[in-house]
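Worksheet for the structure shown next.
The values are calculated or read from the model by the stated rules, or taken from the named source; none is laboratory data. Since this is a predicted model, take the numbers as computed values, not measurements. Neighbour counts run over all protein chains shown; Cβ positions are idealised from the backbone, glycine included.
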Amino acid sequence: MGYVYDDQNIFAKILRGEIPNDTVLETEHSLAFRDINPQAPTHVLVIPKGRYVTFDHFAAEASDAELLDYVRAVGEVCRITAVSPDGGDGYRMIANAGAHGVQEVPHLHVHVLGGRVLGRMLPLR
């Protein structure tokens, strides 16, 4: 499957500096910023700077340096925002992909949420 990257998505515009953001962390290959519509007291989006649509796209095509940087950036966001169980009460990471995953922006992003009990991710059946 070919992934089609839309250069006009909001995260691409943020990366180009066309739209401001509340940066939490910036590294060589990643950017983390506070969500403009937070769903929890801590709600940070972590995006790679590369043109990746979904996590599987990123995992298949990103360089080793990009992969390592991104994973470490997510971990550092958890530390900076004090949601890591090592210094806080825990967090949830969410990455939506495609239509069934209800992905709204076609650029890989992980939501790091914490600061309150988040409840079950999906109802038990």
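Below are the figures for this structure:
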item: Enumerated strands (runs of 3 or more DSSP E) restricted to the stretch 1-81, each holding at least 3 residues that are closer than 17 Å to MET93 by Cα; result: 30-34, 42-48
item: Residue tally, condition out of contact with any Phe, Trp or Tyr (no Cβ under 7 Å at 6 or more places or on another chain), surrounded by fewer than 18 Cβ atoms within 10 Å (Cβ to Cβ) and within 28 Å of GLY115 (Cβ to Cβ), over the stretch 3-24; result: 5
item: Options ARG51, ARG92, ARG16, ARG79; residue that is of a type in the set (D, E, K, R) and under 21 Å from MET121 (Cα atoms); result: ARG92
item: Residues that are surrounded by fewer than 21 Cβ atoms within 10 Å (Cβ to Cβ), of a type outside the set (Val, Ile, Thr) and at pLDDT 95 or above, drawn from the stretch 91-102; result: ARG92, MET93, ALA95, ASN96, ALA97
item: Residue selected from the stretch 106-125 under the condition of a type in the set (Val, Ile, Thr) and surrounded by 16 or more Cβ atoms within 10 Å (Cβ to Cβ), by the criterion nearest to ALA59 (Cα to Cα); result: VAL110
item: Lone qualifier among LEU108, LEU31 - being touching a Leu at 6+ places or on another chain (Cβ under 7 Å) and either within 27 Å of VAL4 (Cα to Cα) or of a type in the set (A, V, I, L, M, F, W, C) (or both); result: LEU31
item: Scope the stretch 47-62; condition among the aliphatic types (A, V, I, L, M) and closer than 13 Å to ASN9 by Cα; matching residues; result: ILE47, VAL53
